[in-house]
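The values are calculated or read from the model by the stated rules, or taken from the named source; none is laboratory data. These figures come from a predicted structure and were not determined experimentally. Here the Cβ is made from the backbone with ideal geometry for all residues, glycine too, and neighbour counts use every protein chain on show. Keep in mind that these areas ignore ligands, DNA and RNA; they rest on the heavy atoms of the full protein, side chains included. Shrake-Rupley method; radii C 1.70, N 1.55, O 1.52, S 1.80 Å.
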Amino acid sequence: NACANNLRLIDAAKEQWAMESGQVQAATVVTDTVNLYLKGNTTPTCPAKGVYTYQTIGTKPTCTAAGHDTVY
């Protein structure tokens, strides 16, 4: 559940960043800039040691931990 919540937070931060900076669908995400919209200004940590990939605008973020890419 923690990973799913992290992915939701990342997705919400991406959408907020995109809206405020005028980004379009499929725009490349600037991770450090999106992180400004997350608590602590950093990428959350997956509890299973997975690595989050933000993906482009309009594409859901993913996690490399087995089974975590489908939890969100």
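Of note:
- Residue that is surrounded by the fewest Cβ atoms within 10 Å (Cβ to Cβ), among those in segment 1-11 that are polar (S, T, N, Q) and outside any loop (DSSP other than H, G, I, E, B): Asn5
- Residue list for segment 17-28, restricted to those being open to solvent by less than 20 Å² (accessible area, probe 1.4 Å) and assigned to a loop (DSSP other than H, G, I, E, B): Ala27
- Segment 29-57, subset of a type in the set (A, V, I, L, M) and open to solvent by 60 Å² or more (accessible area, probe 1.4 Å), residue nearest to Asn1 (Cα to Cα): Val51
- Pair list, Cβ under 6 Å, 6 or more apart: segment 1-28 residue closer than 11 Å to Ile57 by Cα, other residue of a type in the set (Gly, Ala, Ser) and in a helix (DSSP H, G or I): none
- Taken over segment 41-72, residues that are free of Cβ contacts under 8 Å to residues at least 60 places away in the same chain and assigned to a loop (DSSP other than H, G, I, E, B) amount to 21.
- The listed residue being open to solvent by 80 Å² or more (accessible area, probe 1.4 Å) and either modelled with pLDDT of 95 or more or in contact with a helix residue (DSSP H, G or I) (Cβ under 8 Å, 6 or more places away or on another chain) (or both), out of Lys14, Lys60: Lys60
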